[in-house]
1. Do we find that residue 41 is in contact with a helix residue (DSSP H, G or I) (Cβ under 7 Å, 6 or more places away or on another chain), part of a helix (DSSP H, G or I) and at pLDDT 90 or above in this structure?
2. With 64, 60 as the choices, which residue is modelled with pLDDT of 85 or more, out of contact with any helix residue (DSSP H, G or I) (no Cβ under 6 Å at 6 or more places or on another chain), within 24 Å of residue 102 (Cβ to Cβ) and not in a helix (DSSP H, G or I)?
3. Are any of the residues in the stretch 44-51 touching a residue at least 40 places away in the same chain (Cβ under 8 Å), farther than 24 Å from residue 104 by Cα, in contact with a strand residue (DSSP E or B) (Cβ under 7 Å, 6 or more places away or on another chain) and assigned to a helix (DSSP H, G or I)?
4. Read through the list (1) assigned to a helix (DSSP H, G or I); (2) out of contact with any helix residue (DSSP H, G or I) (no Cβ under 6 Å at 6 or more places or on another chain); (3) buried (at least 16 other Cβ atoms within 10 Å of the Cβ); (4) modelled with pLDDT under 85, then give the number of the only condition that residue 123 fails.
5. Is it the case that residue 81 is modelled with pLDDT of 85 or more, in a loop (DSSP other than H, G, I, E, B) and touching a helix residue (DSSP H, G or I) at 6+ places or on another chain (Cβ under 8 Å)?
6. Can you confirm whether the stretch 98-105 contains a residue that is at pLDDT 90 or above and either in contact with a helix residue (DSSP H, G or I) (Cβ under 9 Å, 6 or more places away or on another chain) or at positive phi (or both)?
């Protein structure tokens, strides 16, 4: 799966919008973590999307994002979209077993866990991306 967006796709439209806001020097995200510019957001999305290449995901494959509200969660969501996957948020306060039950229920084979989130030792190596 390529880390580039298909022309006319939602992902391509988002990339174009991020680029326009970055050129204008605008701030993308503000919170307890501080501020993230659109330039930083775009660079992080591209970095995460490149890392997704190592996962050998199929186009449209469901990938869970076990994360709270953070820049990493937004960046990974858009990176997975850009790479052609179907990202889905999963509540980070769930126990690892509960996450696995939800993943299995929808046929999800990979997940991304933010730093500091509980981890399950039973996940496959594909689900260890950070």
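The values are calculated or read from the model by the stated rules, or taken from the named source; none is laboratory data. Keep in mind it's a predicted model, so treat the numbers as computed, not measured. Virtual Cβ from ideal backbone geometry, glycine too; neighbours counted across all protein chains shown.
1. The answer is yes for residue 41.
2. The unique qualifying residue is 60.
3. No, the conditions are met nowhere in the stretch 44-51.
4. Unmet for residue 123, out of (1) assigned to a helix (DSSP H, G or I); (2) out of contact with any helix residue (DSSP H, G or I) (no Cβ under 6 Å at 6 or more places or on another chain); (3) buried (at least 16 other Cβ atoms within 10 Å of the Cβ); (4) modelled with pLDDT under 85: (1).
5. Taking the combined requirement at face value, the residue does not satisfy it.
6. Checking the stretch 98-105: at least one residue is at pLDDT 90 or above and either in contact with a helix residue (DSSP H, G or I) (Cβ under 9 Å, 6 or more places away or on another chain) or at positive phi (or both).
Listed here are the residues, each with its yes/no results for (1) surrounded by fewer than 19 Cβ atoms within 10 Å (Cβ to Cβ); (2) at positive phi; (3) over 12 Å from the mean Cα position of the chain (by Cα); (4) at pLDDT 90 or above.
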{"site": "3", "(1), (2), (3), (4)": "yes, no, yes, no"}
{"site": "10", "(1), (2), (3), (4)": "yes, no, yes, no"}
{"site": "18", "(1), (2), (3), (4)": "no, no, yes, yes"}
{"site": "25", "(1), (2), (3), (4)": "yes, yes, yes, yes"}
{"site": "46", "(1), (2), (3), (4)": "yes, no, no, no"}
{"site": "50", "(1), (2), (3), (4)": "yes, no, no, no"}
{"site": "53", "(1), (2), (3), (4)": "yes, no, yes, no"}
{"site": "86", "(1), (2), (3), (4)": "yes, no, no, yes"}
{"site": "95", "(1), (2), (3), (4)": "yes, no, yes, no"}
